[in-house]
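Every number here is computed from the coordinates shown, using simple stated rules; none is lab data. Please read all numbers here as calculations on a predicted model, not as lab measurements. Glycine gets a Cβ as well: all are built from the backbone with ideal geometry, and neighbour counts include every protein chain shown.
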Amino acid sequence: MFAPATRPVPSVTAAQMREVDRLMVEEFGIELLQMMEHAGRAIARVARVRFFDGDAEGRRVVVLAGTGGNGGGGLVAARHLANAGAVVRVWTTRPVDAYEGVPAHQLGILRRMDVDVRSGGDPPGRADLIVDALLGYSLDGPPRGEAADLIRWTRSQSSPVLSLDLPSGVDATTGEAHHPHVYAAATVTLALPKTGLANARGNAHDAVGDLYLADIGVPPALYARLDLPAAPIFGVDDILSL
């Protein structure tokens with residue numbers, strides 16, 4: 001399905017990943033829009049290969065999108081899956097006009113494509129796949145508000161869940177599973193795995209599912225700046241099985 005990593009892959013804390021993102025933009029000129037595109041395309045590819053046997057046409061997908069970078073990656077995935085013929089519905093944690101920056105840009109594309117985008121309440125009907133792009137590595141404490149409600153909704157469904165970066169509600173650094181948190185059938189983590197995925201125990205370990213690593217274009221030179229031993233690891237593919 002996806003090749004395993006052939007080199008050792010270090011893990012990073014939320015603080016280290018925040019610094020990676022900062023250096024990408026401020027020092028290397030790689031913008032959030034570019035990183036988000038890589039993330040969303042990777043999620044869409046794993047959705048097709050892992051859950052749809054390579055063919056997304058006619059498959060019903062619900063994408064749950066928060067307001068930050070994680071949600072923006074989910075919105076990109078929604079676009080690619082819709083382009084591949086999936087019947088995509090997007091549920092946001094806030095009204096569409098409350099989104100800002102790059103996530104708002106991605107929402108605007110989806111609306112011009114006439115993709116079904118809504119907020120408030122629970123998504124109706126059944127899905128073949130739920131994409132969890134609610135909360136990323138910036139989570140601080142238990143999920144709240146609409147994000148928490150949508151996490152509870154995922155747990156009431158029989159549909160498999162594919163999480164972006166880490167299951168929403170799981171702490172990126174410690175691996176603590178807050179209440180509520182998503183139980184994913186698979187997780188696509190970005191750039192490098194978060195330490196919380198390696199440290200996950202009990203419920204959090206069960207929440208991760210199959211773990212994949214996706215390339216979002218971080219140069220090895222950037223990792224060297226942070227004294228991270230990350231030699232080029234995507235020589236075989238831009239998505240690896242961990």
(request) Please determine, in degrees from 0 to 90 and to the nearest 10, the orientation of helix 145-155 with respect to the longest principal axis defined by the Cα atoms of the chain, where the helix direction is its Cα long axis. (result) 80
(request) Note down the net charge around VAL88, summing +1 for each Lys or Arg and -1 for each Asp or Glu among other residues with Cβ under 13 Å from its Cβ. (result) +3
(request) Return an integer: the convex hull volume of the alpha-carbon atoms of the range 1-101, in Å³ per residue. (result) 127
(request) Output the direction-averaged projected area (hull surface divided by four) of the convex hull of the alpha-carbon atoms of the range 147-222, in nm². (result) 5.2
(message) Please rank SER158, SER163, SER241, fewest neighbouring Cβ atoms within 10 Å first, as an exposure proxy.
(response) SER158, SER241, SER163
(message) Could you tell me how far the Cα centroid of the range 209-234 sits from the Cα centroid of the range 123-167, in Å?
(response) 26
(message) Tell me the net charge near MET113. Cut-off is 13 Å between Cβ atoms, MET113 excluded, with +1 for each Lys or Arg and -1 for each Asp or Glu.
(response) +2
(message) Given all pairs of different Cα atoms, what value in angstroms does the Kirkwood hydrodynamic radius of the chain take?
(response) 17.6
(request) With the cut-off at 15 Å, report for the range 113-156 the share of all Cα pairs above it, as a whole percent. (result) 51
(request) Taking only the C-alpha atoms, wrap a convex hull around the range 69-108 and report its volume per residue in Å³ as a whole number. (result) 62
(message) Per 0.36 nm of contour for each residue apart, how much would the distance between GLU31 and SER138 grow if the chain were fully extended, relative to their Cα-Cα spacing?
(response) 36.7 nm
(request) Any chance you could list the semi-axes, whole Å, largest first, of the equivalent ellipsoid that the Cα gyration tensor gives for the range 84-184, using √(5λ)? (result) 22, 17, 12
